[in-house]
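Novice: Here it is, the structure in full.
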């Protein structure tokens, strides 16, 4: 994707990668970045897995508001389990090495999951707003899970419709390859992921 990348030389050592800006990343920096990114994956996956497990094990948590937190934990768990690990090789080398098909799947999943995460935060905020401004009516409807499930599904549908069709049909409409064009927006995707993660803490 326009950048020189680190490769294994004949002795089996990793040669320094070259970033988009053309600066060489020394081997020790690649190791540090790798450790930090793997640590991030472990923390995101483990933390959100605990939230999901708590919801499954403790039936008293199954009210409308907590369904929205479950939805948020699912989207963030999938970001940590799929999106970040697939992005790590590109981030370290500066080029996409996992094929065109996985590129399209990754882009759809990354945009879908990050957008769903943001929409879930909006839904949780709106739910909290209703619990304060219409407290009596809210408490009466708090245990109606079918409304919560409908809103959860709506979050995923709207998140997919926002970017999914554009990514899936991009090449047919524009006539240019996704890996060549959409890699320009990966930094923006990671920024959105970081902002979303910050608000989840």
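Quick note: the coordinates plus some simple rules give every number you see, no bench work behind them. For clarity, every value in this text was computed on a predicted model and none was experimentally measured. Counting neighbours? That spans all protein chains shown, and the Cβs are built from the backbone with ideal geometry, glycine included.
Novice: When a/c is below 1.5 the answer is rounded, else prolate if a/b is larger than b/c, else oblate, so apply that to segment 18-160 with a ≥ b ≥ c taken from the square roots of the Cα gyration tensor eigenvalues. Write out the running numbers ahead of the final one.
Specialist: Working: a/c = 2.91, a/b = 2.34, b/c = 1.24.
It is prolate, given that a/c is not under 1.5 and a/b is the larger ratio.
Novice: Need the C-alpha centroid separation for segment 34-71 versus segment 80-101, integer Å.
Specialist: What the calculation gives is 24 Å, centre to centre.
Novice: While we're here: Assuming R0 = 30 Å, what is the FRET efficiency of residue 158 and residue 29, from their Cβ-Cβ distance, to the nearest 0.05? Present the calculation step by step, with values, prior to reporting the outcome.
Specialist: Numbers: r = 40 Å, r/R0 = 1.32.
Efficiency for this residue pair is about 0.15.
Novice: Additional query: Pop a pseudo-label 7 angstrom from the Cα along the beta-carbon direction at both residue 139 and residue 169 and give the gap in nm to one decimal.
Specialist: Going by the 7 Å Cα→Cβ label model, 4.9 nm.
Novice: Then there's this: Grab the beta carbon distance between residue 146 and residue 102, set R0 = 41 Å, and tell me the FRET efficiency rounded to 0.05.
Specialist: Details: r = 37 Å, r/R0 = 0.89.
Approximately 0.65, to the nearest 0.05.
Novice: Sort segment 87-164 into rounded, prolate or oblate with this rule: let a ≥ b ≥ c be the square roots of the eigenvalues of the Cα gyration tensor; rounded if a/c is under 1.5, and if a/c is not under 1.5, prolate when a/b is larger than b/c, oblate otherwise. Write down the numbers at each step before the final one.
Specialist: On the way: a/c = 4.59, a/b = 2.95, b/c = 1.55.
It comes out prolate by the Cα gyration axes.
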